Amino acid sequence: ITTDNSDTNLSTSTGRENMEENPFEPYMETLRQQLEDQDPVFLIGIIVALAVVVITCVFLKYFLTSKTVCSAVLLVGLCDSGKTLLFSRLLSGNYKRTQTSITDSSAPYKAKNDKGSTWTLIDLPGHDSLRPQYLEKFKSAARAIVFVVDSAIFQKEVRDVAEFLYVLLTDTVICRNTPLLLVACNKQDITMAKSAKLIQQQLEKELNTLRVTRSAALSSQDGSVGGSLFLGKKGKDFEFSQLPMKVEFVECSARGSKGEDGAADTESLELSLAKL
């Protein structure tokens, strides 16, 4: 009898210890029993629904975190095209003596529209050894790209201008985000400056030629092309109207007709930025 009582006490004590160790065991057992009593088709439906919810949450998280807010206006172009002076004029209207930039400069730019839109204006270095790294850094944030051209010596630089434009226009990130491309034909105050229309025509011809040579260089032995997006439409001479982004050519003069003492001629450029 003593032994039986001891066994009973031991069993009761062990059960109490198990309850203390896992207080949710009764609930788990009840849930397990209810699941076993359910129709298998119903259980499969629940599992599928949960899987859909999880996949949707993962997709939304990836989509929202990977999407970059495009709130920047990039000033790009060759060295000495007048980007930095244009940067100063757009921000303050003031004339400022400049030198070749070796790093980026940025500041808030308030567009001249009723919405009071504010963008981050970023001046990127124009030296060919610095351009790639700064373009890579800021291109995904570009809502607009202002490509500044020196209209006075354009004829001498047309090849270099076209090569830089080609890099921009075949970039996968830029083509996906399709920022507005404004080709600012600067230094219109100089007598020998080329018009925006002529610059557009010359660039279309040069880009058409460049497209042929670049495509040939990228062709593999079996004739396929890879590594870069095709510029424009195959089988047709290149035109800016074929691009996925909107392209505008505007004439401007960061220096202005009166030089340091006068205002800049940037009205056309600012009107285009006001539409962003």
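The values are calculated or read from the model by the stated rules, or taken from the named source; none is laboratory data. All figures in this text were calculated on a predicted structure; none of them were measured in a lab. Using ideal geometry, Cβ is built from the backbone for each residue, glycine included, and neighbour counts are taken over all protein chains shown. Note: accessible area is taken over every heavy atom of the protein model, side chains too, but ligands, DNA and RNA are not part of it. Shrake-Rupley method; radii C 1.70, N 1.55, O 1.52, S 1.80 Å.
Proximity of backbone amide H atoms, modeled 1.01 Å from N, is registered between K246 and L181 at under 5 Å, excluding neighbours fewer than 5 places apart on the same chain. Remark: region 186-194, residue by residue, has Karplus-estimated 3J(HN,Hα) of 7, 6, 6, 6, 7, 4, 7, 5, 7 Hz, where x stands for each Gly or Pro and the curve is 6.51 cos²θ - 1.76 cosθ + 1.60 at θ = phi - 60°.
With a threshold of 32 Å on the Cα-Cα distance, the over-threshold entries among K83/K246; K96/K139; K115/K205; K236/K258; K96/K205 are K115/K205; K236/K258; K96/K205. Residues whose amide H comes within less than 5 Å of that of T266, counting only those at least five positions distant or on another chain, are S253 (H built at 1.01 Å from N in the peptide plane). Each of V58 and S105 was given a label point 7 Å from its Cα along the Cα-to-Cβ line. The distance between the two points is 4.8 nm. Computed from label points 7 Å out along Cα-Cβ, the spacing between A51 and Q201 is 6.3 nm. Normalised by the number of residues in region 88-150, the mean separation of alpha-carbon contacts (under 8 Å, six or more apart) gives a relative contact order of 24 percent. Residue order by solvent-accessible surface for R32, R211 is R32, R211, largest first, with ligands and nucleic acids left out and a 1.4 Å probe. Placing a label point 7 Å from the Cα of D114 along the Cα-to-Cβ line, the residues of region 262-276 whose backbone N sits under 20 Å from it are 270-276. With only the Cα atoms considered, region 67-108 has a convex hull volume of 86 Å³ per residue. In this structure, the amide hydrogen of A111, modeled 1.01 Å from its nitrogen in the peptide plane, lies closer than 5 angstrom to those of S117, T118, W119, counting only residues at least 5 positions away or on a different chain. Applying 0.36 nm per residue to the separation of Q133 and L91 and subtracting their alpha-carbon distance, the gain on full extension is 12.7 nm.
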